[in-house]
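I have placed the structure first, in the form of structure tokens, so that the comments after it can refer back to it.
Derivation of every value follows stated rules applied to the coordinates shown; laboratory data play no part. Treat the numbers as computed from the prediction; the structure is a model and nothing was measured. Every residue, glycine as well, gets a Cβ built from its backbone with ideal geometry; the counts of neighbours run over all protein chains shown.
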Amino acid sequence: MNDLHTPTTDTGGDSIWMRILSAVVLLVLFALAETALWIMAIIQILWRALNGEANARIAEFGQTVSVWTGHAVKYLTGASEARPFPWDETKD
């Protein structure tokens, strides 16, 4: 297990241009994930108000988005060299 403050490496030396392109793509996807979060949160609140319990599919999708955003933030901030989806499948 990696220390929280120790950057991980696993893709080797990507060129700076590839890193910039990857960052732009990830930032666009991150913005889409934020929009999805707003939609999921509103639907989940309404679902709970009407049914008295959380919608399991929305909660599961939220967990998946949470894992991906964590991987994306680590890559974008240099804490990891592992590029997340769409380059690698998120397995967590």
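So the values come out like this:
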read-out	value
Whole-Hz ³J(HN,Hα) from phi, Karplus 6.51 cos²θ - 1.76 cosθ + 1.60, for region 57-64, glycine and proline x	5, 5, 5, 5, 5, x, 5, 4
Amide H contacts under 5 Å for SER80, placed H, 5+ residues apart	THR8, TYR75
Cut-off 14 Å between beta-carbons: net charge of the residues surrounding GLN44, Lys and Arg +1, Asp and Glu -1	0
HN-Hα J in Hz across region 16-30 - Karplus 6.51, -1.76, 1.60, θ = phi - 60°, x for Gly and Pro	4, 5, 5, 5, 5, 4, 4, 5, 4, 4, 5, 5, 5, 5, 5
Amide hydrogen neighbours beyond the local backbone of PHE85, cut-off 5 Å, H modeled	THR90
Whole-Hz couplings from phi, Karplus 6.51/-1.76/1.60, listed for region 79-84; x for Gly and Pro	6, 8, 9, 7, 7, x
For region 16-76: rounded, prolate or oblate by the Cα gyration tensor [a/c cutoff 1.5]	prolate
Residues SER22, SER66 arranged by fewest to most Cβ contacts within 10 Å	SER66, SER22
